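Each remark here refers to the structure printed beneath this line.
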Amino acid sequence: MRITLKMLKSWRPCYDPQLPDDWGATPIEILRMDQFPVADRFWCVLRENMLSDRIMRLFAVWCAREALKLVKSPDERLINCVNITEKYANGTATLAQMQQARDAAWDAAWDATWDATWDAA
């Protein structure tokens with residue numbers, strides 16, 4: 001799929017990207033356009049009408065795995081949530097399993113918040 005300037009403007013960006021009228025690029029080409037901030041490039045290509053729900057979910061899984069690499073000892077509930085989400089995206093887990101893993105991950109986040117608050121007090 002090729003994104004055109006007309007398509008880009010129809011999404012109502014918050015500024016004029018200063019591109020020629022005949023401009024067009026693939027999502028990969030847009031991600032490589034270092035003259036624009038990364039957040040703007042993601043805004044452009046991470047759209048429901050650009051990528052399937054599966055691809056969006058797998059991208060979120062990749063982001064979560066990258067973030068978990070920065071955590072010294074990640075809670076197993078967080079890792080499980082990411083694993084189940086990947087399985088759901090690939091059709092090998094149910095929505096109920098994913099929701100259960102999400103709830104457990106929220107519990108892990110609240111537990112970590114409570115522990116950090118208690119330690120700081």
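Lys72: open to solvent by 70 Å² or more (accessible area, probe 1.4 Å) and at pLDDT 95 or above, yes or no? Against the criterion (open to solvent by 70 Å² or more (accessible area, probe 1.4 Å) and at pLDDT 95 or above), Lys72 does not qualify. Applying the selection to segment 1-37, what residues are loosely packed, with under 10 Cβ neighbours inside 10 Å and assigned to a helix (DSSP H, G or I)? Once the filter is applied, which keeps residues that are loosely packed, with under 10 Cβ neighbours inside 10 Å and assigned to a helix (DSSP H, G or I), segment 1-37 yields Ser10, Ile28. Every condition in (1) in contact with a helix residue (DSSP H, G or I) (Cβ under 8 Å, 6 or more places away or on another chain); (2) in a helix (DSSP H, G or I) is met by Asp111 except one, and the failing one is (1). Residues of segment 72-99 that are part of a helix (DSSP H, G or I), over 17 Å from Val61 (Cβ atoms) and polar (S, T, N, Q): none at all. Looking at segment 72-80, can you tell me whether even one residue there is within 30 Å of Ala93 (Cβ to Cβ), within 12 Å of the chain's Cα centre (by Cα) and acidic (Asp, Glu)? For segment 72-80, residues within 30 Å of Ala93 (Cβ to Cβ), within 12 Å of the chain's Cα centre (by Cα) and acidic (Asp, Glu): absent.
Please state which one of Ser52, Ser10 is hydroxyl-bearing (Ser, Thr, Tyr) and at pLDDT below 90. The unique qualifying residue is Ser52.
Among the residues of segment 38-59, those identified as within 24 Å of Cys14 (Cα to Cα) and open to solvent by less than 60 Å² (accessible area, probe 1.4 Å) are Asp40, Arg41, Cys44, Val45, Leu46, Arg47, Met50, Leu51, Met56.
The values are calculated or read from the model by the stated rules, or taken from the named source; none is laboratory data. What you see is a predicted model; the values in this text were computed from it and never measured. FYI the Cβ positions are ideal-geometry reconstructions off the backbone, even for glycines, and counts take in every protein chain you see. Ligands, DNA and RNA are excluded from the accessible area calculation, which covers all protein heavy atoms including side chains. Shrake-Rupley method; radii C 1.70, N 1.55, O 1.52, S 1.80 Å.
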